[in-house]
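K.L.:
This structure is in structure tokens; I'll ask about it shortly.
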Amino acid sequence: MSAESADPSAQCLQDLSLASRILARHGIVDGFGHVSCRDPRSPKEHFLLSRNLAPALVQPNDIVAWRISDAEPVDPDSPRGFLERCIHSEIYRQFDDVEAVVHFHSLDIIPFGLMNIPFKAVYHMASFLGCESAPIFDIADAFGPGTDMLIRNTTHGAALASSLTPNSTSSPTRPLVLMRGHGATLTAASLKLAIFRAIYTQNNAKILTSLSSLAGGTSQLEREAKFLSAEECAASEMSNSGQVSRAWDVWCKELED
Ligand SMILES: [Zn+2]
């Protein structure tokens, strides 16, 4: 891994390109899916997201600055962006505490958006998910039965972002929304934490799937499984918060191998 740059903007471009490739290496994104962060030069107005490119291929010079207000490029001559970049712009517009966003279509997560089975923390590494099931955004509820399921504009993005509204004014923005027939979107207070959350959200999904099988079906899950309590989630999240860089460093090292 290269030494950290003294220029925070250059370091951010480097980290965002690494984040994109880490997600690809861990199977959280494939040819599709994306990760963004606020632009450190103007965090209230702009965010950074790659041009329209498969995540495994993203390098620092592929990253473009976009306006939070309307998801259009800051430089009108920028290369074409992702169709679903309004997912990112609308979350940054609605929630000041969100610094990074990941949108993904992982096969492990899709089943949990299709039916009402609990998606919450089953182990300490996913304690950020909490003890209440993640919300499910169903695009058909707001936009009817004939969409192509994609978040195509700011109206779609605003509706999705609203699913992340915290439970109270003192709570942080919810970390995850499942998207029926599409995937999921997660938020975090830093880019490295967003990657941590993406990887452990995927692991949580895998554990829940195997747990459901062991329990004899999803209907047995709530009855048979003892999920983490609210207190356990809070304590564990506090413990994990100091360990994010340790995980990030090894995931970056794996990219070199
Ligand atoms: Zn998508």
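K.L.:
Placing +1 on the Cβ of each Lys and Arg and -1 on the Cβ of each Asp and Glu in segment 8-252, which of 79, 195, 144 has its Cα farthest towards the positive end of the resulting dipole?
P.N.:
My answer, from the dipole projection, is 195.
K.L.:
Separate question: Which of 109, 43, 8 sits closest to the plus end of the dipole of the chain, meaning its Cα is farthest towards the positive end, when Lys and Arg get +1 and Asp and Glu get -1 on the C-beta?
P.N.:
The Cα lying farthest towards the positive end belongs to 109.
K.L.:
In addition: Taking the highest mean first, how do the peptides 168-181, 187-200 order by number of other beta carbon atoms within 10 angstrom per residue?
P.N.:
Taking the mean over residues of other Cβ atoms within 10 Å, the ranking is 187-200, 168-181.
K.L.:
Gap in Å between the Cα centre of segment 68-92 and the Cα centre of segment 222-252?
P.N.:
One Cα centre to the other: 32 Å.
K.L.:
Sticking with this one: Kindly provide the GluC sites (Glu not before Pro) of segment 44-91 that DSSP labels as loop, not H, G, I, E or B, and whose Cβ sees at most 16 other Cβ atoms within 10 Å.
P.N.:
In loop regions of segment 44-91 (DSSP not H, G, I, E or B), the sparsely surrounded GluC sites (Glu not before Pro) are 45.
K.L.:
Among 108, 96, 138, which one moves the most in a GNM of the chain with springs linking Cα atoms closer than 10 Å?
P.N.:
For the chain, modelled as a Gaussian network with Cα springs under 10 Å, the answer is 96.
K.L.:
While we're looking at this one, here's another question. Would you mind calculating the relative contact order of the chain from Cα pairs under 8 angstrom and at least 6 residues apart, reporting the percent as a whole number?
P.N.:
Averaging sequence separation for qualifying contacts and normalising by length gives 22 percent for the chain.
K.L.:
Taking the Cα centre of the chain as origin, work out the dipole magnitude from +1 charges on Lys and Arg Cβ and -1 charges on Asp and Glu Cβ, in debye rounded to 20.
P.N.:
300 debye
K.L.:
Moving on. Enumerate the helices in the chain for which the Kyte-Doolittle hydropathy averages 0.0 or more and the C-alpha atoms extend at least 20 Å along the helix's axis, using complete DSSP H runs.
P.N.:
Qualifying helices, which must be both long enough and hydrophobic enough, are 8-25, 191-215.
K.L.:
Given Cβ point charges of +1 (Lys, Arg) and -1 (Asp, Glu) and nothing else, what value in debye, to the nearest 20, does the dipole of segment 111-233 about its Cα centre take?
P.N.:
Around 280 debye, computed over segment 111-233.
K.L.:
Taking every DSSP beta bridge with both residues inside segment 8-252, roughly what % is antiparallel (nearest 5)?
P.N.:
90 percent
K.L.:
Moving on. Per DSSP helix of 4 or more residues, -39500 (n - 2.57); summed, then divided by the residues of the chain. What does that give at 222 nm, rounded to the nearest 500?
P.N.:
Dividing the helical sum by the residues of the chain leaves -11500 deg cm²/dmol.
K.L.:
Consider just the alpha-carbon atoms of the chain and return their Rg together with their Dmax, both in angstrom.
P.N.:
17.7, 56
Each value in this text was obtained by applying a stated rule to the coordinates, not by laboratory testing. Fair warning: this is a prediction, and the values are worked out from it, not measured in the lab. Here the Cβ is made from the backbone with ideal geometry for all residues, glycine too, and neighbour counts use every protein chain on show.
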